[in-house]
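Student: Structure below; questions to follow.
The values are calculated or read from the model by the stated rules, or taken from the named source; none is laboratory data. Remember, it's a predicted structure, so these values are computed and weren't measured experimentally. In this analysis, Cβ positions are derived from the backbone assuming ideal geometry, glycine residues included, and neighbour counts consider all displayed protein chains.
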Amino acid sequence: MSKLSKSDVKKAMIRSMCYQWQSFNYETMQSPGFTRFIVPSLQKIYAGNDELIAQKTEQYLSTFYNTENTMGQIIHGAALALEESEADGITDTAVALRTGLMGPFAGLGDSIFKVSSKVIFGSLAGYMALENSIVGLLLCVALCIVCNGFIRYWFFMNGYKQGVSFITTKQDMIKGLTAAVTIMGLVVVGCMIPSTVKITVPYVFAYGDATQSIQDILDAIFPYLLPALVTWLIYKGLGSKKMTTVRMVWLIIVICIVLTWIGIL
Amino acid sequence: MFTIPQIVLIILWFTFYNAFTGYTGLSLVAGGVVFNGLVTGLIMGDLATGFYLGGTYELMNIGLNPLGGSTVPNYNMGVVVGVAFGAVTNLETGMAVGIVVATLASTLDVLAKMVGSFFLHKAQNKVAEKDVNGAVKWINIGFWPRIILDAPLPLIILFAFGAPIVEAINNFIPAWLLDGFKNAGNMLPAIGFAILLRSMNLKGNFQYVLIGFVLFAYFGIGALGAALIGIALAMIAYYNNQKIADLQNSMGGVDDE
């Protein structure tokens, strides 16, 4: 029944894991990478029918696609299984599935595999490097092998065997996991604002013999007031549509240089 | 300043790093900046600078995620250049150069993604001609402009023209400017945290940020300790939710509405 052998599926899985940056562009983002993954499988399944293969390829290539690459493996596996059914117009279904799931999967995948893991493991790698230790870096390599290797393999194979129902049946577990990593990530972020953002004011008022350090006044209000305040201001600033991350970086560099020049920082 | 073998090794390493992680998808979610800092430090024979800038930039990089195809400062590029220049001048100069390069390098990322359209269109033309294999070939070629723009090209330019400029700057740069960059380096991680707070569903979860803040500000507990307390809080929340769900189930699903 199936025209794809076990090794064909394995090869497709490997192409699928390596899909993100081939001809990535602003028009369709990851669609070329996806096309590159599925085309050899299409050629196996629909061998001899070049017209149909080209038509299907066009559909996959020209439709916008962008998701988180680990969660995306479920979509890829499911799309491959759909194509294997050889049903009429199945590519419409596969593309619709891809388009429908890329948003929610990206949200989920980003919060678990990118944002939260980056906070926790990045802070370990960074702090340990500052203490001349590579243990944190090694933990990051291990995380990479687990997330980008094993979990992708597992997601692709299960997406292929069970379709996306694989993930919808686990909805409660995923909800719990997302909430859990979010809580953990937020506690770490809260801790890292005062420990990483270092802002102190060396400026000292002097009236004759009496001196008053501004930093002492600030510390009396509560410790690490400035790091908290600056983070809050940037948080508000980034809410503006015109403010990009890169603009914010330039703004801070300029402000810091000016304040340092005046002698406040 | 730099020796030719050092320049060649650094360029080869960073090109390989970008090509390998970009091609296989085995990119480090975190730690890449430390990694690149250490390798460059090793090549330059200055591991201390590699550790220091790698760690410092890694912390700045923590909240910067290129989600949804967006562009953020490239601290991998920044750390390679920062450590290389820092090793031959001094730490402060390296730090300033690295931050500027990381921020400028983000422009190249935008350019690379724009160039991607050219290869998309080539591939689409091939598909229209029913040449699917030709299309895949174009898609594969379209992998390389990004690598070249992200790694060897800017490095070659920086090493060719940057060294005399940095040396000149280093001799004449006023102390307050270097201090300004140092202060900016200390403040920049705040951007990452602000972005994280924007992306992590702060509504109804602000108490966790507060707990983390108090842990460090009043008790001096660092990231690892905070992560452990975070796990505990996450488990409490998880089991509480489960209890509520079980309770609702046992009561026959309560009246919705």
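Student: Given the conditions (1) in a helix (DSSP H, G or I); (2) surrounded by 20 or more Cβ atoms within 10 Å (Cβ to Cβ); (3) more than 8 Å from every other protein chain (Cβ to nearest Cβ), which single one is not true for residue A:67?
Tutor: Here residue A:67 meets the rest and fails (1).
Student: Taking the criterion of being surrounded by 15 or more Cβ atoms within 10 Å (Cβ to Cβ), farther than 16 Å from residue A:105 by Cα and modelled with pLDDT of 85 or more, would at least one residue in the range A:171-183 satisfy it?
Tutor: Checked against the condition, which is being surrounded by 15 or more Cβ atoms within 10 Å (Cβ to Cβ), farther than 16 Å from residue A:105 by Cα and modelled with pLDDT of 85 or more, the range A:171-183 yields at least one hit.
Student: Which of the residues that make up the range B:108-123 are more than 16 Å from residue B:147 (Cβ to Cβ) and within 26 Å of the chain's Cα centre (by Cα)?
Tutor: The answer is B:117, and nothing else.
Student: Taking into account only those residues within the range B:191-220 that are modelled with pLDDT of 90 or more, surrounded by fewer than 20 Cβ atoms within 10 Å (Cβ to Cβ) and among the hydrophobic types (A, V, I, L, M, F, W, C), which is nearest to residue A:108 (Cα to Cα)?
Tutor: B:206
Student: With the structure loaded, tell me whether residue B:245 is more than 28 Å from the chain's Cα centre (by Cα), within 22 Å of residue A:111 (Cα to Cα) and part of a helix (DSSP H, G or I) or whether it fails that test.
Tutor: So residue B:245 does not fit the description; no.
Student: Could you check how many residues of the range B:45-82 are surrounded by fewer than 22 Cβ atoms within 10 Å (Cβ to Cβ) and out of contact with any Gly (no Cβ under 7 Å at 6 or more places or on another chain)?
Tutor: Adding up the residues that qualify gives 10.
To keep it simple, each residue is scored yes or no on (1) free of Cβ contacts under 8 Å to residues at least 24 places away in the same chain; (2) within 14 Å of chain B (Cβ to nearest Cβ); (3) within 23 Å of residue A:66 (Cα to Cα); (4) charged (D, E, K, R).
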{"position": "A:87", "(1), (2), (3), (4)": "yes, no, no, no"}
{"position": "A:93", "(1), (2), (3), (4)": "yes, no, yes, no"}
{"position": "A:97", "(1), (2), (3), (4)": "no, no, yes, no"}
{"position": "A:100", "(1), (2), (3), (4)": "yes, no, yes, no"}
{"position": "A:105", "(1), (2), (3), (4)": "no, yes, yes, no"}
{"position": "A:144", "(1), (2), (3), (4)": "yes, yes, yes, no"}
{"position": "A:152", "(1), (2), (3), (4)": "no, yes, yes, yes"}
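Student: Sticking with this one: If you scan the range B:1-20, which residues turn out to be in contact with an Asp or Glu (Cβ under 9 Å, 6 or more places away or on another chain), outside any loop (DSSP other than H, G, I, E, B) and either over 13 Å from residue B:40 (Cα atoms) or modelled with pLDDT under 95 (or both)?
Tutor: Of everything in the range B:1-20, just one residue is in contact with an Asp or Glu (Cβ under 9 Å, 6 or more places away or on another chain), outside any loop (DSSP other than H, G, I, E, B) and either over 13 Å from residue B:40 (Cα atoms) or modelled with pLDDT under 95 (or both), namely B:18.
Student: Tell me which residues, restricted to the range A:53-84, are among the charged types (D, E, K, R) and within 17 Å of residue A:105 (Cβ to Cβ).
Tutor: Listed by number, the list holds a single entry, A:68.
Student: Name every residue in the range B:63-94 that is among the small types (Gly, Ala, Ser) and facing chain A (nearest Cβ under 8 Å), in order of residue number.
Tutor: Scanning the range B:63-94 gives B:63, B:68, B:69, B:70.
Student: Restricting the first residue to the range B:95-107 and requiring it to be within 8 Å of chain A (Cβ to nearest Cβ), which pairs with a second residue that is of a type in the set (Gly, Ala, Ser) meet a Cβ separation below 7 Å and a spacing of at least six or different chains?
Tutor: B:99/B:78; B:99/B:184; B:99/B:185
Student: Next question. Inside the range A:96-140, can you point out the residues that are surrounded by 20 or more Cβ atoms within 10 Å (Cβ to Cβ) and either of a type in the set (Val, Ile, Thr) or not assigned by TED's automatic domain parsing to the domain that holds residue A:51 (or both)?
Tutor: Within the range A:96-140, A:112, A:115, A:119, A:120 qualify.
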